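Take a look at the structure below.
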Amino acid sequence: MQIEWKKEIQNRREALLADLQEILKIESVRDEAQATPEAPFGPGPYAALEKFLKIANRDGFKTVNVDNMAGHIEFGQGKETLGILAHVDVMPAGKGWETDPFKPLIKDNKLYARGASDDKGPAMAAYYGLKLLKELNLPINKRVLLIIGTDEESGWRCMTRYFKKMPLPDFGFSPDAFFPLINGEKGNATYHVDFQGGNGEQSKLITFNAGLRENMVPRDAKAVLSGVEYNMVKEHLAQFTADKPVDGEALEKDNTVEVILVGKAAHAQEPRKGENAGTYLALFLKQFGLGGGAANFISFAADYLHQDSRMNNLGMAFTDKVMGDLTMNAGIFEFDASKGGRITLNFRYPRGIEASQIEEGLKTAVQKMEGTVNPTGKLQQPHYVSLDDPLVQTLLGVYERQTGNKGSGMVVGGGTYGRLLKRGVAFGAMFPGAPDTMHQANEFIPVEDLLRAAAIYAEAIYELIK
């Protein structure tokens, strides 16, 4: 039986887009200030999970909800289980959007919304691939679970709870990254670097804040200063930003001066794609002769973190020939003169180095600045699946047939649910050459890429379970 996968998906184009837009309208950002037993990560993630499962129930699938943290959509039966692992929680929208991030809009054949590319769009593409197999009533001999999480952008507690109650699939993929295929993911570790508060006698740093999450390059940063002259700060800021990829503004308020910088957000898996407003602001503030804990906080950010995601300044640079560089993202900056300061650093590390070595290197670096290093408990080991694995070969074969392009595996700094399975990889949905807007303002997915991905997922699932 010859199946025209692309044509079949095109026939479902409007339905796919309609279902996806309903999911995209839900502001499924973790908000534990509003958490309840019914909505453990806040009302948004819970609502998105429920909506996705409701769509599947409408289409005749059996679904399971595990404690409102995760759920699955079930299809077929057999001794082996294929897992497709996606998520419906999203990063905070942040600033800089030209449209409402939670009112999906198709413009120039691009679908704009927070979550369009990470990961609601790819999740819906995978769902429609599975839906297509059900509607075509194709013969299969394995079970499929499309597993939906709600805490991927934070601590993966959804998957921890799910797999306490459900067995691991035998093999699978996560539609939460790039094509052709990701068979290696770096380890992931996050640390707090804490500093004492206090200032010197004249120029004082009252507060400093930048960043939303450790796995995002901060777009926005703001500091409040006292003991400085407004016009002087304003003039120096104009000079500072004139030849740098950040915008700045100085405001005079109640005998203080606010300094605001705007850089560019990016995913922490490759900090070089962003412009870290936090480290740029620290670099700017170094000239004002700060003292005490404020000076240590600012000096560490400016001297050791600024434009140094490979940690040469920290003496911690490391590269594995297969998995690439150890990288660092300075994701959150917080300072209050009366309470102290904290910088949250997220590391993506390859095979050949241990998280304990990273921690010790940080401790050595911050000792001279009276800083302390504290693990957050967020730790994932490096993950790698051989290119010879039948799973990898099958997925690459489908990609090559549908695109006409040779596919190969790759290693990334991002972490996907694929690493939860011993034989788990990441597979799409971003195509080579497509703009990467994950975790950024004006996130979008090209509509035709979404449909192409759905066709690839349909054939891939079929090849894996027939």
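The values are calculated or read from the model by the stated rules, or taken from the named source; none is laboratory data. Quantities reported herein were computed from a predicted structural model and do not represent experimental measurements. With ideal geometry, Cβ positions are generated from the backbone for all residues, glycine too; neighbour counts draw on all protein chains shown.
Listed values, structure above:
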read-out: Within segment 345-367, tally of residues that are of a type outside the set (A, V, I, L, M) and part of a strand (DSSP E or B); value: 4
read-out: Wholly enclosed strands (runs of 3 or more DSSP E) of segment 368-440 bearing at least 3 residues of a type in the set (Ser, Thr, Tyr) and on the phi > 0 side of the Ramachandran plot; value: none
read-out: Matching option when the condition is in contact (Cβ under 8 Å) with a residue 40 or more places away in the chain, touching a strand residue (DSSP E or B) at 6+ places or on another chain (Cβ under 6 Å) and either closer than 30 Å to residue 217 by Cβ or buried (at least 17 other Cβ atoms within 10 Å of the Cβ) (or both), among 93, 70, 35; value: 70
read-out: Enumeration of residues in segment 39-64 that are surrounded by fewer than 18 Cβ atoms within 10 Å (Cβ to Cβ), more than 17 Å from residue 121 (Cα to Cα) and within 24 Å of the chain's Cα centre (by Cα); value: 43
read-out: Test for residue 86: is it in contact with a Pro (Cβ under 7 Å, 6 or more places away or on another chain) and part of a loop (DSSP other than H, G, I, E, B); value: no
read-out: Residue satisfying all of: in segment 3-32; under 28 Å from the mean Cα position of the chain (by Cα), in a loop (DSSP other than H, G, I, E, B) and touching a residue at least 24 places away in the same chain (Cβ under 8 Å); surrounded by the fewest Cβ atoms within 10 Å (Cβ to Cβ) among these; value: 25
read-out: Residue in segment 335-344 that is of a type in the set (D, E, K, R), part of a strand (DSSP E or B) and either modelled with pLDDT under 95 or crowded, with 23+ Cβ neighbours inside 10 Å (or both) present; value: no
read-out: Residue in segment 160-170 that is part of a strand (DSSP E or B) and under 30 Å from residue 357 (Cβ atoms) present; value: no
read-out: Leading residue by the ranking (surrounded by the fewest Cβ atoms within 10 Å (Cβ to Cβ)) among those in segment 410-442 that are in contact with a Leu (Cβ under 9 Å, 6 or more places away or on another chain) and aliphatic (A, V, I, L, M); value: 410
read-out: Positions within segment 250-276 being among the acidic types (Asp, Glu) and either surrounded by 14 or more Cβ atoms within 10 Å (Cβ to Cβ) or at positive phi (or both), in sequence order; value: 254, 258, 270, 275
read-out: Given (1) at pLDDT below 95; (2) more than 25 Å from residue 166 (Cα to Cα), index of the condition residue 16 fails; value: (1)
read-out: Odd one out for residue 65, checked against (1) touching a residue at least 60 places away in the same chain (Cβ under 8 Å); (2) part of a strand (DSSP E or B); (3) not charged (D, E, K, R); value: (1)
read-out: Of all residues making up segment 370-392, the number that are over 24 Å from the mean Cα position of the chain (by Cα) and either assigned by TED's automatic domain parsing to the domain that holds residue 412 or closer than 13 Å to residue 424 by Cα (or both); value: 6
read-out: Subset of segment 294-331 (residues that are assigned to a strand (DSSP E or B) and under 16 Å from residue 366 (Cβ atoms)); value: 328, 330
read-out: Index of the failed condition, residue 396 passing every other in (1) surrounded by fewer than 17 Cβ atoms within 10 Å (Cβ to Cβ); (2) outside the structural domain of residue 219 (by TED's automatic domain parsing); (3) of a type outside the set (Phe, Trp, Tyr); (4) modelled with pLDDT of 95 or more; value: (1)
read-out: Leading residue by the ranking (modelled with the lowest pLDDT) among those in segment 157-182 that are over 18 Å from residue 82 (Cβ atoms) and crowded, with 18+ Cβ neighbours inside 10 Å; value: 178
read-out: Pair list, Cβ under 9 Å, 6 or more apart: segment 349-371 residue touching a residue at least 12 places away in the same chain (Cβ under 8 Å), other residue among the aliphatic types (A, V, I, L, M) and in a helix (DSSP H, G or I); value: 349/355; 349/358; 369/295; 371/362; 371/365
read-out: Filtered residue count, segment 319-357, keeping only those that are over 17 Å from residue 221 (Cβ atoms) and acidic (Asp, Glu); value: 3
read-out: Per-region count, segment 329-353, residues within 23 Å of residue 381 (Cβ to Cβ) and within 22 Å of the chain's Cα centre (by Cα); value: 11
read-out: Strands (runs of 3 or more DSSP E) within segment 176-229 that include 1 or more residues over 22 Å from residue 89 (Cβ atoms), hydrophobic (A, V, I, L, M, F, W, C) and within 19 Å of the chain's Cα centre (by Cα); value: 181-185, 204-210
